[in-house]
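The values are calculated or read from the model by the stated rules, or taken from the named source; none is laboratory data. These numbers were taken from a predicted model, which means no experiment stands behind them. Note that each Cβ is placed from the backbone with ideal geometry, even for glycine, and that neighbours are counted across all protein chains shown.
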Amino acid sequence: MDNLEICRMSALEVRDRIKAKKLSPVEVIDAVLQRIERINPKVNAYCTVVAESAKAEAKQAEDKVIKGEELGPLHGVPISIKDLIFTRGIRTTGGTRMYENFIPDEDDIVVERLKAAGAIIIGKTNTPQSGWMAITDNLLFGPTRNPWNLERTSGGSSGGAASAVASCIGPLGIGSDGGGSIRIPSSFCGVFGLKPSLGRVPRGPGFPGLWEGLSVTGPITRTVRDAALMMEVIAGRDDRDHFSLPNEGLRYLSHLGGNLKGLRVAWSKDLGYAVVDPQVLRVTEAAVRTFATLGCVVEVADPPVGSPQETFSTVVVASLAAALVEKLDEWGDHFESALVTFLERNKDISATEYIKARMANLEYSNRMQVLFQKYDLLLTPTLAVPPFEVGSYGPREIAGTRIEPIGWMPFTYPFNVTGQPAASVPCGWTDDGLPVGLQIVGRRFDEVTVLQAAAALEQASPWIDRMPSLE
C-alpha cells in the first residue's frame with residue numbers, strides 16, 4: 001500500500017483498518033507527514049506541523065493495538081486543528097504576531113475530546129488574523145491557496161483546514177464558524193463542512209470571545225460519514241461553555257443511510273436578496289433536482305425575512321474593536337492595514353447600538369423559524385461565487401451588479417445569527433473545474449436531518465474520488 005492510497009482513505013477506513021491490524025498508526029502518520037512535506041509548500045495549509053509528537057503518539061497507538069487494549073473511536077487517525085483553537089504544548093498564534101510564540105498550557109474542550117478518542121494531532125492550520133476575514137491570509141504565514149487552482153483562495157477563516165483536507169494531507173480538520181468560516185472554505189475547496197447548532201459543540205478555553213453567541217466549532221472532512229463520526233466525539237455538554245447543550249447521546253452515524261422520502265425541502269436561490277453567479281446557480285439547481293429524485297417534496301420558498309447583514313456586522317465589528325483596539329498602539333504595525341482601517345472606523349460603536357443589534361438579531365432568528373414550521377430543510381448555494389483570486393478580499397460585482405463587501409457570502413452568516421445547523425456539501429464544478437457547494441440548513445438542534453440529507457446527496461453524486469492535481 002503506497003502513501004497516497006493511505007492519505008486518500010477516509011477517517012473511518014483508517015480507523016477500521018487500524019483496529020483490524022491491517023494498517024499501523026505509524027504507517028498512517030508517516031504517510032501523512034511525508035505528503036505534508038511535499039504538498040504543504042504549494043498550498044500553505046499548515047502553519048505548524050508537530051511531526052515528532054505525532055510520531056511518538058502513533059507509536060503509542062500502535063502499542064495499544066498490539067496489546068489488544070480498548071481503542072477509541074478515532075484511534076490512530078490524524079487530525080488538524082485550526083490555529084485559533086488552543087492546543088496544549090503546541091504553538092497557537094491566532095494568525096497574528098501578537099501570539100507568534102504563544103504555547104497554551106491547556107487544550108480547548110474539543111481538543112481534549114479528540115485526544116481522548118485516540119486522534120493524533122499533526123499540526124495547526126492557517127487562519128487570518130483573529131479569524132476576522134472570510135479568506136485565509138496573514139502577515140505571519142501568508143495566504144493559504146486553493147488546491148484546485150493555486151491562484152485562487154481557499155476561503156476562510158478555516159481555509160487552512162479545508163485546503164489540507166482537500167489536498168489529502170489529513171482526513172479530518174477542526175474549524176470554527178462565526179459567519180461562515182467552516183462552510184466558506186469547504187465550498188471553495190470541495191469538501192464537506194458542518195456548522196453545528198450553537199452550543200452543540202462546547203468551546204474554550206481560548207482567545208477572547210470575539211464571536212460570542214455566533215461562533216461554533218465543527219468538522220471539515222472529505223466524507224459526510226467522517227463528519228458524523230467526529231460529531232459523536234466532540235458534541236455534548238460541558239459547563240465551561242455556558243452555551244453548551246445537554247448531551248443527547250446521539251450516534252450520528254447510525255442515522256445515515258435512510259431514505260428521505262416525504263421530507264419537505266425549501267429551495268431558495270437567493271434568500272430573496274442575494275446576487276448569485278450564473279455558474280453557481282446552474283450547479284446548485286442541478287443538485288436541488290437530485291433531492292426530488294430522492295423522494296423529497298421540494299418547493300421554491302424564500303424565508304419571510306430579509307438580510308441581517310447590518311445588525312450581524314454591528315455585533316462583529318463591535319466585538320473585534322473591543323478585543324483589538326487597545327492593541328493598536330503596541331501592535332498596530334503588525335496588523336494588516338485593512339484591519340487597522342476596519343478597527344479605526346468602528347471603534348466608537350456605542351453600547352446602545354450593540355444591544356440594539358443583538359436584539360434585532362434575536363428578532364431575525366425568531367422570524368426565520370416561520371419557514372421551518374413548514375419545511376424540514378432549507379437549501380441554498382453556500383456562496384454566491386466560485387473561488388476568486390488569492391490576494392482579493394472578494395468581488396465587488398456579481399453578474400454586472402454591484403455588491404456590498406460581504407455580498408459574495410450572503411447565505412452563510414444568517415445562520416450564525418439564528419444558531420441553526422448548516423452544512424456545505426460539494427455538489428458540482430464550474431466550467432473551469434472549481435468546486436461549488438450547496439448549503440443545507442436544518443431546524444435548530446437538528447444536525448441529524450442535515451447529515452442525513454448530505455449523506456444522501458453524497459451517495460447520489462459522489463465526490464470522494466475526484467481530487468486536485470498537486471503532484
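The set of residues from region 100-122 being over 15 Å from residue 201 (Cα atoms) and free of Cβ contacts under 8 Å to residues at least 12 places away in the same chain comprises 101, 102, 115. Cβ-Cβ distances below 8 Å connect the following pairs, each with a first residue in region 398-411 that is over 20 Å from residue 379 (Cα atoms) and among the acidic types (Asp, Glu), a second residue that is surrounded by fewer than 19 Cβ atoms within 10 Å (Cβ to Cβ) and at pLDDT 95 or above, and a separation of six or more residues or different chains: 404/309. Within region 414-426, the set of residues being under 9 Å from residue 180 (Cα atoms) and either under 13 Å from the mean Cα position of the chain (by Cα) or assigned to a strand (DSSP E or B) (or both) comprises just one member, 416. A Cβ distance below 8 Å, combined with a sequence gap of six or more or placement on separate chains, defines the contacts here; from region 175-186, residues that are of a type in the set (Lys, Arg) reach no residue that is modelled with pLDDT under 95. For region 214-303, the strands (runs of 3 or more DSSP E) that sit wholly inside it and include 3 or more residues that are surrounded by 20 or more Cβ atoms within 10 Å (Cβ to Cβ) and either at pLDDT 95 or above or among the aromatic types (Phe, Trp, Tyr) (or both) are 216-221, 264-267.
It is to be established whether one or more residues within region 95-114 are among the small types (Gly, Ala, Ser) and over 18 Å from the mean Cα position of the chain (by Cα). First the steps, then the outcome.
To start, the set of residues in region 95-114 that are among the small types (Gly, Ala, Ser) comprises 95.
Now restrict to residues that are over 18 Å from the mean Cα position of the chain (by Cα): none.
The answer is no, given that none of the residues of region 95-114 is among the small types (Gly, Ala, Ser) and over 18 Å from the mean Cα position of the chain (by Cα).
Got a sec? Which of 340, 305 is closer than 26 Å to residue 369 by Cβ and more than 22 Å from the chain's Cα centre (by Cα)?
Numbers: 340 fails: closer than 26 Å to residue 369 by Cβ.
Just a single option satisfies the conditions, and that option is 305.
Taking the stated definitions as given, is residue 386 of a type outside the set (A, V, I, L, M, F, W, C), at pLDDT 95 or above, surrounded by fewer than 20 Cβ atoms within 10 Å (Cβ to Cβ) and in a loop (DSSP other than H, G, I, E, B)? When the stated conditions are applied, residue 386 does not pass them. Cβ separations smaller than 6 Å between residues 6+ apart or across chains give the following pairs from region 136-156 residues that are buried (at least 19 other Cβ atoms within 10 Å of the Cβ) and part of a loop (DSSP other than H, G, I, E, B) to residues that are at pLDDT below 95 and hydrophobic (A, V, I, L, M, F, W, C): 147/470; 156/133. Scanning region 48-63 for residues that are more than 30 Å from residue 142 (Cβ to Cβ) and surrounded by fewer than 18 Cβ atoms within 10 Å (Cβ to Cβ) turns up 59, 60, 63.
Of the residues 394, 437, 407, which is touching a strand residue (DSSP E or B) at 6+ places or on another chain (Cβ under 6 Å), small (Gly, Ala, Ser) and farther than 18 Å from residue 215 by Cα?
None of the others qualify; the one that does is 437.
Selection of region 360-406 for residues being of a type in the set (Asp, Glu), under 23 Å from the mean Cα position of the chain (by Cα) and more than 24 Å from residue 155 (Cβ to Cβ) yields only 376.
Just name the residue that is surrounded by the fewest Cβ atoms within 10 Å (Cβ to Cβ) out of those in region 64-87 that are in contact with a Ser or Thr (Cβ under 6 Å, 6 or more places away or on another chain) and either farther than 22 Å from residue 104 by Cβ or of a type outside the set (S, T, N, Q) (or both).
Looking only at region 64-87, we keep the residues that are in contact with a Ser or Thr (Cβ under 6 Å, 6 or more places away or on another chain), and these are 80-84, 86.
Next cut, either farther than 22 Å from residue 104 by Cβ or of a type outside the set (S, T, N, Q) (or both) only: 81-84, 86.
On the way: 81: 30, 82: 32, 83: 32, 84: 32, 86: 24.
Looking at residues that are in contact with a Ser or Thr (Cβ under 6 Å, 6 or more places away or on another chain) and either farther than 22 Å from residue 104 by Cβ or of a type outside the set (S, T, N, Q) (or both), I get 86.
Only a single criterion out of (1) under 30 Å from residue 236 (Cβ atoms); (2) out of contact with any Ser or Thr (no Cβ under 6 Å at 6 or more places or on another chain) is not satisfied by residue 348, namely (1).
Here region 433-442 is the region considered, the condition is being touching a Pro at 6+ places or on another chain (Cβ under 8 Å) and not small (Gly, Ala, Ser), and the residue that is farthest from residue 187 (Cα to Cα) is 441. Only a single item in (1) crowded, with 16+ Cβ neighbours inside 10 Å; (2) among the charged types (D, E, K, R); (3) touching a strand residue (DSSP E or B) at 6+ places or on another chain (Cβ under 8 Å) is not met by residue 27, and it is number (3).
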